[in-house]
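Read-outs throughout are calculated quantities, based only on the coordinates presented, and are distinct from any laboratory measurement. None of the values given here were measured: they were computed from a predicted structure. With ideal geometry, Cβ positions are generated from the backbone for all residues, glycine too; neighbour counts draw on all protein chains shown.
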Amino acid sequence: MTSTVASENEYKKASTYSLLHKLIEFFMRYVKETRIAATPEIVFQFHESPGALERLTPPWEKVKITEGGGSLKVGSRVVLRSQIGPFPLTWVAEHTEYDPPSLFADRQVSGPFAKWYHRHLFLDDGQGGTILRDEVDYEVPMGRLGQLLGGRLIANKLEKMFSYRHEVTKKAIEPRPQS
């Protein structure tokens, strides 16, 4: 009987560990979707327009674009400078996918994350509009410890930043009601 209990306890531990592992993996993918009343071509063009990255950077984020930002095509890079507290930070991103007007993607070459891959999708909603979808797969530095210590903070920061970006995009593109 003891061996049965031990087996059941081991099974419960393994199941709990597996569930915890899946939750940690789940929290390392961020997805944001917003419907925009314009075609994917128009929404994609907005993201490709000069100054788009500056317009989509929230004002509370003290970020300076020091290189690039003029192209979304594969191989183009953007270098961003910022600070985390008193520490300067350089983030280099490289575009890896480009399929107008459906998607473009970028990955972190160097920066604050252990891994960062961001796909920007422009999905036709079948009603003349677009579902703007951002998918970010990321890993925080320091593995599980980093996830435990900073995971919630990072998830909240991503939600705030992408909510801002989607709102700016929506306001810039959607027609304003006539008064």
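Points to keep in mind about this one:
- Ranked by how many other Cβ atoms sit within 10 Å of their own Cβ, fewest first, the residues Lys160, Lys64, Lys32 fall in the order Lys64, Lys160, Lys32.
- Net length gained if the chain between Tyr164 and Arg81 were fully extended (0.36 nm per residue, minus Cα distance): 27.9 nm
- Quarter of Cα convex hull surface for region 29-173, i.e. mean projection, nm²: 8.3 nm²
- For Glu54, Glu41, order by how many other beta-carbon atoms lie within 10 Å, fewest first: Glu54, Glu41
- Length gained when the stretch Glu48-Glu174 is fully extended (0.36 nm per residue, less Cα-Cα span): 43.7 nm
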